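Shown next, in structure tokens, is the structure this report addresses.
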Amino acid sequence: MGQLKSWNVKRVKRQDIKVFIEKNHYSGSINGCITDYCYGLYDVNETMKGAMFFGRMGMRNQYKKFADNPDDVIELRRLCCIDETPKNTESYFIGKSLKLLKKDWKKTGIVVSYADKEYGHKGVIYQASNFVMIGEIPGAKVIIHGNKRYHDKCIRTKYKGKLKPFAVKIKDALENGNAFYHKTKGKYTYIYPLERKHPSVVSTRFRLKGRAAIEIE
């Protein structure tokens with residue numbers, strides 16, 4: 001942790017972290033993601049060592065599991081660091097970013113993130129960062145194209161009534177066999193209330209117990 005104390009976390013722009021995440025995150029892409037708040041982790045030489053961003057939830061009504069108001073929920077959409085980093089780098093990065101998010105977002109809402117079972121993730125980093133697990137979500141249908149995967153809704157995205165060029169590209173790839181559908185294994189769901197006593201449905205629907213949460217019947 002001594003070395004990490006000299007590292008800096010700061011808010012950046014989408015273009016500052018795009019290439020880094022595409023290179024270092026297992027998804028290989030930020031295409032289609034809402035990037036409301038982006039943060040970078042830099043060493044003493046101002047070399048980027050990690051990147052993450054938070055954004056509004058992409059699916060309609062997805063927020064209702066966590067809060068009554070969609071503006072009270074934000075998702076940690078991407079998080080990655082290079083492999084050669086000190087121990088506890090990810091939890092240090094998350095902690096610093098959450099403090100900045102609380103100031104930048106100007107809300108004390110709920111941060112949601114998912115640990116992807118498809119890649120063997122269990123959410124250990126989130127547990128170390130005091131997130132609480134509230135359950136699991138089933139697998140979803142995604143599109144595999146090259147070495148990247150995309151939500152199946154990507155082929156339906158439009159601009160001014162017409163399919164976006166990327167949607168056309170993926171749709172054509174499906175038709176000619178260069179892309180295919182795949183059913184994922186599901187994800188673990190984690191939450192982090194920026195204010196412990198946040199007046200959301202989480203406080204009434206779930207009873208927080210250590211690093212997990214129990215649904216109230």
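Quick notes on this structure:
- In the calculated pair-distance distribution of the range 141-183, the portion above 16 angstrom amounts to 28 percent of the Cα-Cα pairs.
- Between K158 and K13, the modelled labels are 3.1 nm apart [label points 7 Å from Cα along Cα→Cβ].
- Residue exposure sequence - V111, V12 - by fewest surrounding Cβ within 10 Å: V12, V111
- The relative contact order of the range 141-183 comes to 48 percent, based on Cα pairs under 8 Å that sit 6 or more residues apart.
- Normalised by 2.2 N^0.38 Å, where N is the number of residues, the C-alpha radius of gyration of the range 1-127 stands at 1.04.
- Applying a threshold of 20 Å to the alpha-carbon distances of K87/K122; K87/K148; K153/K183; K148/K169; K141/K169 flags K87/K148 as lying beyond it.
- Ordered by the number of other Cβ atoms lying within 10 Å of each residue's own Cβ, fewest first, R77, R56 fall into the sequence R56, R77.
- The relative contact order of the range 3-146, computed from alpha carbon pairs under 8 Å that lie at least 6 residues apart in sequence, is 20 percent.
- Shape category assigned to the range 97-192 from the gyration tensor of Cα positions, a/c cut at 1.5: oblate
- Note on Rg and Dmax of the Cα atoms in Å: of the candidates (i) 16.1, 45; (ii) 20.7, 79; (iii) 18.0, 54, the value calculated from this structure sits at (iii).
- Entry note, the range 26-71: relative contact order of 30 percent, from Cα contacts under 8 Å with a spacing of 6+ residues.
- Part-to-part distance (alpha-carbon centres) for the range 41-67 and the range 125-150, which is given in Å: 13
- Each label point was placed 7 Å from the Cα along the Cα-to-Cβ direction; for E175 and Y26 their separation is 3.3 nm.
- Residues C33, C81, sorted so that the one with the fewest Cβ neighbours within 10 Å comes first: C33, C81
Bear in mind these aren't lab numbers, they're just calculated from the coordinates by the rules spelled out. Not measured: the values here are computed from a predicted model. With ideal geometry, Cβ positions are generated from the backbone for all residues, glycine too; neighbour counts draw on all protein chains shown.
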